[in-house]
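Structure below; questions to follow.
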Amino acid sequence: MTNPIEAGMYGVSQWFLYPVLIAIAILFAYAFLALGGFLWQAWQRHRARRNGTLAGHELLLAHRDAPALVQDELEAIAMKRLEFSRIATRVAPMLGLVATMIPMGPALKSLADGQLADVSRSLMVAFSAVILALIAAAITYAVVHVRRRWYAVELLAIARGRHAAAQVEPDAADGRAQAVRA
């Protein structure tokens, strides 16, 4: 590396290895935390449906202001609940690629110098990081998509319930008006 720009870029890229590895470790831990929460929620949904205690919109109505919220607000709550998992799904593979590419420079340099142990060490870090990142992305991807379906079904049930309530109210008012006239 005779060019100072190349040497500078190489040096700066090496600074990012440990922050990227830490971010991948955090996303990997988060993926299993999200999976645990998802499995707990699925079990609760299954148990409640078996007991007949749910109206089909338990996740969004668990929000303290849900009965007064409009559809757009409920959709915003659902998106907020999915936001970090959606980000993790997309960012983890990118960080895995970065964590694969950063050690490749030192690995190739070690290969040129005939230091095979250093090549092995660099490649071990590179491939381990990308595997953990892809596992984290796969887990969060599955959690996000199933929860998105749950929320869509619940939003539909809420909208249908409000529509049915709106249809009942005018009929009830007409009945009261007829009773008053009689």
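The values are calculated or read from the model by the stated rules, or taken from the named source; none is laboratory data. Computed from a predicted structure; not experimentally measured. Cβ placement follows ideal geometry from the backbone for every residue including glycine, while neighbour counts extend to all protein chains displayed. The accessibility values were calculated without ligands, DNA or RNA, using every heavy atom of the protein model including side chains. Shrake-Rupley method; radii C 1.70, N 1.55, O 1.52, S 1.80 Å.
Applying the selection to the stretch 73-92, what residues are surrounded by fewer than 16 Cβ atoms within 10 Å (Cβ to Cβ), of a type outside the set (A, V, I, L, M, F, W, C) and at pLDDT 95 or above?
Matches in the stretch 73-92: Arg90 only.
Of the residues in the stretch 1-11, how many are under 17 Å from Pro103 (Cβ atoms) and open to solvent by less than 60 Å² (accessible area, probe 1.4 Å)?
Qualifying residue count for the region: 1.
Take Ser110 and decide whether it is in contact with a helix residue (DSSP H, G or I) (Cβ under 7 Å, 6 or more places away or on another chain) and open to solvent by less than 70 Å² (accessible area, probe 1.4 Å).
Judged against the criteria, Ser110 is a match.
Something else about it: So, in the stretch 34-52, of the ones that are at pLDDT 85 or above and surrounded by 13 or more Cβ atoms within 10 Å (Cβ to Cβ), which residue ends up farthest from Val91 (Cα to Cα)?
Per the stated criteria, the residue is Gln44.
Among Ile131, Ile139, which is the only one that is of a type outside the set (Asp, Glu), modelled with pLDDT of 95 or more, under 30 Å from Ala25 (Cα atoms) and open to solvent by 70 Å² or more (accessible area, probe 1.4 Å)?
Ile131
Restricting the stretch 16-33 to residues that are open to solvent by less than 60 Å² (accessible area, probe 1.4 Å) and of a type in the set (Val, Ile, Thr), which is farthest from the chain's Cα centre (by Cα)?
My answer is Val20.
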